[in-house]
Structures are given as structure tokens and as C-alpha cells.
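What follows is one structure encoded as C-alpha cells, with my remarks underneath.
The values are calculated or read from the model by the stated rules, or taken from the named source; none is laboratory data. Because the structure is a prediction, the values reported are computed rather than measured. Because the Cβ atoms are built from the backbone with ideal geometry, glycine has one as well, and the counts that use them run over all protein chains shown. Just the protein is used for accessible areas: all its heavy atoms, side chains included, with ligands, DNA and RNA removed. Shrake-Rupley method; radii C 1.70, N 1.55, O 1.52, S 1.80 Å.
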Amino acid sequence: MRLALFDLDNTLLAGDSDHAWGDWLCERGILDGETYKARNDAFYQDYLAGRLNIVDYLNFSLEILGRTEMAVLEEWHRAFMRECIEPIILAKGRELIERHRDQGDKLAIITATNRFVTASIAARLGVDTLLATECEMADGRYTGRTTDVPCFKEGKVERLHRWLAETGHSLEGSHFYSDSHNDLPLLERVSHPVAVDPDPRLREEAERRGWPVISLR
């Protein structure tokens with residue numbers, strides 16, 4: 001069974017779910033609309049530029065999970081899905097998923113965004129396998145810290161290879177769809193790398209290497 005791997009943010013979604021979650025919390029008055037948003041925006045610019053310190057970002061972004069009851073987080077996330085995620089789910093992205101499903105491929109979303117934010121999105125897209133940055137839990141609630149290797153840059157490769165070893169799948173004949181130059185380490189390892197509405201650096205690399213460039217917008 002061949003693998004069809006999908007990045008999530010700005011690939012299957014017309015936006016970034018991680019950044020949008022922070023913005024939504026600010027708009028609701030849950031987090032400081034000036035100080036938090038400024039830092040959130042700065043981290044996002046670092047991500048786009050390829051210089052994000054993922055540990056610093058996770059310490060910043062996951063702190064809210066550690067000081068909020070699970071029931072409240074779940075209520076917030078349901079509203080976030082309705083208000084922010086549903087409008088940015090790309091119809092062509094869902095069609096691409098279904099084409100691979102019809103071909104009998106094994107589907108997986110692999111994203112740097114944390115599992116709290118993305119688990120419901122993957123379920124909404126009908127993709128059972130999600131490799132995401134993990135949120136530490138203790139005594140039935142989040143600690144506000146991450147655990148395991150962040151699913152980012154080379155970390156995506158490490159997490160994927162561990163999953164391959166655990167499940168018996170291989171990268172032979174595999175596809176990976178992504179918008180971001182941050183995913184070059186994984187794009188270089190699959191059989192069929194595909195740049196989706198790519199950022200300028202990934203577009204340049206894709207054109208240089210002869211990789212397909214597609215749009216789902």
C-alpha cells in the first residue's frame with residue numbers, strides 16, 4: 001500500500017491553523033490581544049523565514065493548554081473549528097485526499113502544528129493517521145509542555161521513520177504534498193514530492209528539481 005502524506009497548514013487548509021488558534025484566542029479576549037498577538041505574529045514570520053526556534057514557540061503557544069481545564073479547551077476548540085477552520089478547508093484538498101483514498105493509498109497528515117489543534121481537523125478531513133507535534137499530559141490534562149520530537153523540519157522525517165518502523169509501511173511509491181520550504185527534508189525522501197501553492201523558496205526548489213507544482217486554491 002502506497003503512502004499519501006499531506007502537510008496541513010496552507011496545503012489542505014487556506015491558512016495556518018496554529019497561528020489562527022492564537023489569533024482566535026486573542027479575538028475572544030482569552031489572551032492579551034496586543035502582547036500575545038505580537039509575539040504570535042513574530043513567531044509566524046520566523047516560521048515563514050525558516051528560522052523558527054520550535055522549542056521557544058512551543059513553550060509560548062502551549063502554555064494556555066496547561067492552565068485551562070479540558071472541558072473549557074474542548075468547548076473553545078469546537079467554536080474554533082466552526083468559526084476558523086471550516087471556512088478554510090479547501091474543496092480541492094478534500095478531492096485530492098479522496099483520489100488517493102480511491103486508489104487504495106494509505107493516507108496520513110504530517111504537521112508541525114500540535115495535536116490538540118489538529119486532531120479534530122484530521123478527523124474532519126477523514127484522515128485517520130495524524131503525525132503531529134505532541135502535547136504532554138498528566139492526570140488527565142495538559143501540562144503546557146510538549147513531549148517527543150517536534151514534528152518539524154528534520155523532526156518530521158524522524159517521526160515518520162519511527163511510524164514506518166512501527167507500522168511496516170515504506171516510502172516506496174509515496175507522495176508528499178506541502179507548501180513550505182520547511183518541509184524540504186521530507187520532500188527529498190519521498191518518491192513523489194509535490195509543491196502545493198508553494199512559498200517562494202519551495203517554488204524555486206521545486207522548479208530546479210523538476211517537482212510538480214500544483215494549486216488547491
Within the range 86-106, residues assigned to a helix (DSSP H, G or I) and open to solvent by 20 Å² or more (accessible area, probe 1.4 Å) come out as Glu86, Pro87, Ile88, Ala91, Lys92, Arg94, Glu95, Glu98, Arg99, Arg101, Asp102
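Select, from Leu164, Leu184, the only residue that is open to solvent by less than 30 Å² (accessible area, probe 1.4 Å), free of Cβ contacts under 8 Å to residues at least 12 places away in the same chain and not polar (S, T, N, Q).
On the way: Leu184 fails: free of Cβ contacts under 8 Å to residues at least 12 places away in the same chain.
It is Leu164.
Identify, from the list Ser174, Ser178, Ser170, Ser215, the residue that is open to solvent by 60 Å² or more (accessible area, probe 1.4 Å) and among the polar types (S, T, N, Q). It would help to see each step written out before you state the result.
Values: Ser174 fails: open to solvent by 60 Å² or more (accessible area, probe 1.4 Å); Ser178 fails: open to solvent by 60 Å² or more (accessible area, probe 1.4 Å); Ser170 fails: open to solvent by 60 Å² or more (accessible area, probe 1.4 Å).
Every option except Ser215 fails the conditions.
Within the range 1-85, considering only helices (runs of 4 or more DSSP H) that don't extend past its boundaries, which have at least 3 residues that are more than 15 Å from the chain's Cα centre (by Cα) and closer than 26 Å to Arg124 by Cα?
Working: elements: 17-27, 35-49, 54-61, 63-66, 70-80.
Output list reads 17-27, 63-66, 70-80.
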Given the conditions (1) over 24 Å from Arg78 (Cβ atoms); (2) in a helix (DSSP H, G or I); (3) within 17 Å of the chain's Cα centre (by Cα), and given that Ala123 satisfies all but one, which numbered condition is not satisfied? (1)
Restricting the range 2-48 to residues that are free of Cβ contacts under 8 Å to residues at least 24 places away in the same chain and of a type in the set (S, T, N, Q), which is surrounded by the most Cβ atoms within 10 Å (Cβ to Cβ)? Asn40
Taking the criterion of being free of Cβ contacts under 8 Å to residues at least 12 places away in the same chain, among the small types (Gly, Ala, Ser), part of a strand (DSSP E or B) and open to solvent by 20 Å² or more (accessible area, probe 1.4 Å), would at least one residue in the range 193-211 satisfy it? no
Let me spell it out: the conditions are (1) outside any loop (DSSP other than H, G, I, E, B); (2) touching a helix residue (DSSP H, G or I) at 6+ places or on another chain (Cβ under 7 Å), and Ser170 meets all of them except one. Which number is the exception? (1)
Within the range 131-151, does at least one residue satisfy the condition of being at pLDDT 95 or above, out of contact with any Ser or Thr (no Cβ under 6 Å at 6 or more places or on another chain) and closer than 21 Å to Trp211 by Cα? no
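Tell me, which residue of the range 141-167 that is of a type in the set (S, T, N, Q) and in a strand (DSSP E or B) is farthest from Ala112 (Cα to Cα)?
Residues of the range 141-167 that are of a type in the set (S, T, N, Q), as a first pass: 143, 146-147, 167.
Filter once more, keeping what is in a strand (DSSP E or B): 143, 146-147.
Details: Thr143: 19, Thr146: 12, Thr147: 13 Å.
Applying the filter and picking the extreme gives Thr143.
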Residues that are within 29 Å of Leu164 (Cβ to Cβ) and aromatic (Phe, Trp, Tyr): does the range 102-117 have at least one? yes
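Within the range 109-152, which residues are among the charged types (D, E, K, R) and in contact (Cβ under 8 Å) with a residue 40 or more places away in the chain? Please lay out each step first, then the result.
To start, the set of residues in the range 109-152 that are among the charged types (D, E, K, R) comprises 115, 124, 128, 134, 136, 139, 141, 145, 148.
Listed by number, the residues that qualify are Arg124, Arg141, Arg145.
State yes or no: is Gly33 of a type in the set (Gly, Ala, Ser) and modelled with pLDDT of 95 or more? Show your work before the answer.
Working: of a type in the set (Gly, Ala, Ser): yes; modelled with pLDDT of 95 or more: no.
Against the criterion (of a type in the set (Gly, Ala, Ser) and modelled with pLDDT of 95 or more), Gly33 does not qualify.
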